[in-house]
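Here's the structure, in structure tokens; my notes come after.
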Amino acid sequence: MKEMMQVSVGKVTLKFDQETLLYIIEAAGHVWRQASSFCPHFCLKDGGELVFWSADVVRHEYHKSGVGEGILSHYEWCTGHFPANDGEGGAADGGNAAAHAVSQPTCVSDAEDSENADCEGCISLPRERNFSVETLVWIEYATEAVHFELIPGEGELSFTWVYWPGYFSFEKNQPDAYTVMPVLQGLLIPNTWENEVRKLPFDGQFCSAGAYMPWFGQVEEGKGYIAICETPWDAGYSVDHPAGGPYTHVGAYFLPSLGEVSYRRSLRYVFLESCDYNDLCKVYRSYAVETGLLTTLREKAARNPLVDEPIGSVVVHKGIKKHVSPDSAFYDREHPENNDLVIPFHARTREILRYHQKGVRKLYLHLDGGGAPGYDNQHPDYLPACPEAGGWEGFKELSDTLNDCGYLFGLHDQYRDYYTDAATYDREYALHGADGSVFEMCRWAGGRQNYLCATQAPYYVKRNFEEVLRHGIRLQASYLDVFTCNEPDECAHPRHRMTRKECLEYRNACFSYLWSKGILPSSEECADWAMRELVFCHYGPYDFMLQKPGSPRRGVPVPLFNLVYHDCMILPWFMDRQPEGEDYMLYALLNGGAAYLDRDGAYPDTDGAFDSEAERKLSEEIERCAVVSGLQERVAKCEMVRHEFLDGRCDRQRTRFSDGTTVTVDFRTGEYEIG
């Protein structure tokens with residue numbers, strides 16, 4: 001039996017079992033053990049698995065540098081010793097390695113509907129040489145953080161995921177043992193939570209709606225840890241929580257970058273004593289400051305004073321032209337007349353004047369479908385302005401009216417969905433897999449589409465916005481759809497080869513162009529990789545808000561994102577009052593955000609747009625929004641310092657902001673108090 005390896009730095013001790021390849025960490029008065037059910041392994045493209053302990057060469061040694069010390073492991077497999085390509089699992093482990101992994105994600109190809117994704121985007125490369133990787137787990141002298149690093153070696157391996165490091169054994173049958181994950185605004189799963197949680201949006205891929213921030217954490221009896229992925233572009237996390245518990249397993253996985261391990265992958269674990277989820281968020285906020293991600297609204301306003309204008313504005317979301325292609329998943333075959341609709345620009349102009357007459361002081365109009373083809377059609381070639389709605393003349397009249405009222409104007413735009421009937425469509429510039437395949441789907445209104453390689457997006461953004469501005473349309477903001485919701489893409493086409501990290505850089509370049517024109521950038525959701533550029537977004541809701549009312553919840557909603565970034569972004573909130581349910585206005589107040597005054601959902605029963613029987617008069621809605629807007633003007637530039645559940649109840653909550661403002665809400669009675 002091999003000896004357990006051990007390294008200590010300060011108050012942290014790292015132990016490594018050379019037989020099981022599992023780690024034990026003693027820190028902050030608690031012992032964290034990787035679960036014995038976990039087995040580190042690669043998931044192979046052919047369906048098999050390559051487990052670490054099956055390597056032909058395995059070496060472990062102590063490692064020390066000027067900044068820390070730990071354990072370095074080397075794993076090497078010979079070409080002739082790879083598992084059989086039978087799709088049933090590797091020969092070395094009898095096909096059972098999958099049982100050791102946290103619920104394995106499906107391949108992400110259709111990013112907006114990943115539950116139905118296929119594997120056209122996956123990469124398969126020949127095994128011509130030996131393959132090796134190294135792992136380095138070390139304790140940092142300065143902070144006593146524990147770093148888990150996966151380091152590329154030699155050779156190639158056709159893999160889809162690698163599961164390492166392992167998840168911790170977290171099997172306490174108590175509700176005060178809980179897991180927090182940055183699913184949309186934030187999610188807390190008590191170990192005793194009644195509903196099963198295994199499937200995450202976008203399979204938990206970081207830099208997507210499945211993880212607004214690249215971290216997760218767990219707390220047990222006041223002892224906790226946060227795991228921060230420092231290389232999130234090709235990574236994600238997955239979860240296994242059976243109905244009723246009594247455990248939650250959460251762990252990271254890494255994806256290949258253009259088919260390879262490519263570069264060092266890194267997770268930073270910070271262990272805390274006497275903490276809760278608020279403390280984990282503040283650890284990540286410090287990390288965001290350290291890395292330069294955290295950019296406040298005050299800093300953004302120094303760049304362009306217009307940033308202050310949306311603060312306190314109500315949001316009105318309206319459309320102009322709707323056209324649903326017969327090959328779209330949303331095409332209504334029983335009532336084909338429902339597939340086309342045009343609202344003239346002058347009708348929207350009259351609505352704006354009505355809001356002004358009603359006393360709405362500050363307003364931001366988010367306009368969909370103003371181009372000739374209609375909403376979600378023929379992108380990126382949506383211009384000119386819709387002729388049936390009044391063309392450029394009607395478009396400009398709406399723009400001028402908003403300006404005269406002192407309101408803000410922004411357009412919906414799209415530079416990822418690449419429609420095959422667009423005037424300039426060229427399959428060569430779609431995303432390409434390594435085998436030359438091009439992903440295709442027919443879900444959205446415009447029908448058949450690929451994905452546009454993000455290397456091309458900045459050029460199209462410039463082309464289209466220059467045209468809009470030439471026609472005298474005055475834009476204060478604009479919305480580039482899906483960039484901060486969908487996971488980053490990679491492309492293997494030799495003329496525009498692109499990694500996922502580069503994809504995010506190209507998306508940020510689109511936001512930077514808008515800044516250069518004095519236009520405030522917005523996108524679908526609030527991803528922290530774009531925090532330096534984004535001013536606001538379409539929404540950053542809790543996970544349950546995008547499900548039909550009454551659907552089983554994955555966990556308890558908590559404002560993890562706002563506990564980190566509240567003072568960095570303007571975040572609008574739904575104001576719906578659910579029949580016999582919660583008043584979403586209370587969430588808007590609790591989070592010190594902006595309010596939706598009027599919101600026309602682009603698609604039925606998606607993105608939180610569900611029919612409600614509670615029809616309310618406009619005057620009442622304006623009055624409710626005024627309360628939310630007034631609070632937002634007060635706290636928009638303040639850090640959210642704490643969120644808590646009062647009296648141990650989920651229906652009574654309180655937030656506190658850095659200026660001393662407190663907001664207390666009771667979802668049972670519908671009451672609120674602003675302190």
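The values are calculated or read from the model by the stated rules, or taken from the named source; none is laboratory data. Given the structure is predicted, the values throughout are model-derived calculations rather than measurements. FYI the Cβ positions are ideal-geometry reconstructions off the backbone, even for glycines, and counts take in every protein chain you see. Keep in mind that these areas ignore ligands, DNA and RNA; they rest on the heavy atoms of the full protein, side chains included. Shrake-Rupley method; radii C 1.70, N 1.55, O 1.52, S 1.80 Å.
Observations on the structure shown:
- Residue pairs meeting the criteria (Cβ under 6 Å; at least 6 apart or on separate chains; first farther than 21 Å from Gly29 by Cβ, in the range 274-289; second outside any helix (DSSP H, G or I)): Tyr284/Trp215; Tyr287/Ile228; Ala288/Leu294
- Breaking point among (1) without any contact (Cβ under 8 Å) to a residue 60 or more places away in the chain; (2) crowded, with 20+ Cβ neighbours inside 10 Å; (3) within 28 Å of the chain's Cα centre (by Cα), for Asp308: (2)
The rows are residues; the columns are (1) within 30 Å of the chain's Cα centre (by Cα); (2) buried (at least 22 other Cβ atoms within 10 Å of the Cβ); (3) within 21 Å of Gly224 (Cβ to Cβ); (4) among the acidic types (Asp, Glu).
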position	(1), (2), (3), (4)
Phe131	no, yes, no, no
Thr143	yes, no, yes, no
Ile151	yes, no, no, no
Gly166	yes, yes, yes, no
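- Test: residue in the range 477-496 that is open to solvent by 10 Å² or more (accessible area, probe 1.4 Å) and without any contact (Cβ under 8 Å) to a residue 40 or more places away in the chain: yes
- Count of residues meeting criterion [farther than 17 Å from Tyr284 by Cα and in contact with a helix residue (DSSP H, G or I) (Cβ under 9 Å, 6 or more places away or on another chain)] in the range 553-572: 7
- Answer residue from the range 221-230, given it is at pLDDT 95 or above and open to solvent by 10 Å² or more (accessible area, probe 1.4 Å) and is nearest to Tyr163 (Cα to Cα) among those: Glu230
- Residue match in the range 348-364 (condition: without any contact (Cβ under 8 Å) to a residue 60 or more places away in the chain, more than 26 Å from Asn403 (Cα to Cα) and open to solvent by less than 10 Å² (accessible area, probe 1.4 Å)): no
- Meets criteria (closer than 22 Å to Trp215 by Cα and either modelled with pLDDT of 95 or more or part of a loop (DSSP other than H, G, I, E, B) (or both)) for Leu534: yes
- Qualifying residue in the range 81-101 (condition: polar (S, T, N, Q), at pLDDT 50 or above, in a loop (DSSP other than H, G, I, E, B) and more than 32 Å from the chain's Cα centre (by Cα)): no
- Look at (1) in contact with a Gly (Cβ under 9 Å, 6 or more places away or on another chain); (2) assigned to a loop (DSSP other than H, G, I, E, B) and you find that Ser522 fails only one, number (2).
- Contact map, the range 451-468: residues that are of a type in the set (Val, Ile, Thr) paired with residues that are modelled with pLDDT under 95, Cβ distance under 8 Å, separation 6+ or inter-chain. Pairs shown: Val461/Asp413.
- When restricted to residues that are outside any loop (DSSP other than H, G, I, E, B) and open to solvent by 10 Å² or more (accessible area, probe 1.4 Å), the range 369-390 contains 2.
- Candidates Gly210, Gly217, filtered to the one that is more than 26 Å from Asp489 (Cα to Cα) and small (Gly, Ala, Ser): Gly217
- Subset of the range 416-437 (residues that are assigned to a loop (DSSP other than H, G, I, E, B) and surrounded by 24 or more Cβ atoms within 10 Å (Cβ to Cβ)): Arg416, Leu431, His432
- Options Arg656, Arg652, Arg642: the member that is without any contact (Cβ under 8 Å) to a residue 40 or more places away in the chain and closer than 20 Å to Val283 by Cβ: Arg656
- Meets criteria (touching a strand residue (DSSP E or B) at 6+ places or on another chain (Cβ under 8 Å), in a strand (DSSP E or B), under 26 Å from Val324 (Cβ atoms) and at pLDDT 95 or above) for Tyr451: yes
- Which numbered condition Val461 fails, given (1) closer than 30 Å to Pro201 by Cα; (2) assigned to a loop (DSSP other than H, G, I, E, B): (2)
- Output for the range 627-657, where each listed residue is open to solvent by 60 Å² or more (accessible area, probe 1.4 Å), under 21 Å from Ala595 (Cα atoms) and not in a strand (DSSP E or B): Glu633, Arg634
- Checking Gly406 against (1) closer than 22 Å to Ser522 by Cα; (2) open to solvent by 10 Å² or more (accessible area, probe 1.4 Å); (3) small (Gly, Ala, Ser); (4) under 26 Å from the mean Cα position of the chain (by Cα), the condition it does not meet: (4)
- Selection status of Phe610, buried (at least 16 other Cβ atoms within 10 Å of the Cβ) and at pLDDT below 95: yes
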